[in-house]
Amino acid sequence: METLQKQTQENENPTQEQEDILEYNFSNVSKHPDETTLMLICAEAGLTKEETCKWFRERLAKWRKSEGLPSQCGSVMD
């Protein structure tokens, strides 16, 4: 039962408040937060490091696409 609860929690999307915190940090602090900044964002949003990293990866891909760039990082020569 505990494993099922954990899986359910991991699959939930961030709340609107958490989303606002993540979006603020993405837009105003860094699109590529370093380890210390990432841990501060985790603490502020109340999310795990994995959840926060996943959100930043997905948000960065969305941002890159909106800028006309490939969704994955790579050389401009690719």
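The values are calculated or read from the model by the stated rules, or taken from the named source; none is laboratory data. In this text, all values refer to a predicted model and were calculated from it rather than measured experimentally. All Cβ positions, even for glycine, are placed from backbone atoms using ideal geometry, and neighbour counts span all protein chains on display.
Considering only residues that are closer than 12 Å to W55 by Cα and of a type in the set (A, V, I, L, M, F, W, C), look in the range 27-42 and name the one that is surrounded by the fewest Cβ atoms within 10 Å (Cβ to Cβ).
Here the answer is L38.
Pull out all pairs, ordered by first then second residue, where Cβ-Cβ is under 7 Å, the residues are six or more apart or on different chains, the first lies in the range 50-72 and is more than 17 Å from L40 (Cβ to Cβ) and free of Cβ contacts under 8 Å to residues at least 12 places away in the same chain, and the second is part of a helix (DSSP H, G or I) and of a type in the set (D, E, K, R).
These pairs meet every condition: P70/R64; S71/R64; S71/K65.
One line per residue, one yes/no per condition, for (1) modelled with pLDDT under 95; (2) basic (K, R); (3) at positive phi; (4) loosely packed, with under 10 Cβ neighbours inside 10 Å:
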residue: E2; (1), (2), (3), (4): yes, no, no, yes
residue: Q5; (1), (2), (3), (4): yes, no, no, yes
residue: T8; (1), (2), (3), (4): yes, no, no, yes
residue: Q18; (1), (2), (3), (4): no, no, no, no
residue: N25; (1), (2), (3), (4): no, no, no, no
residue: E44; (1), (2), (3), (4): no, no, no, no
residue: T48; (1), (2), (3), (4): no, no, no, no
residue: R64; (1), (2), (3), (4): yes, yes, no, no
residue: C73; (1), (2), (3), (4): yes, no, no, no
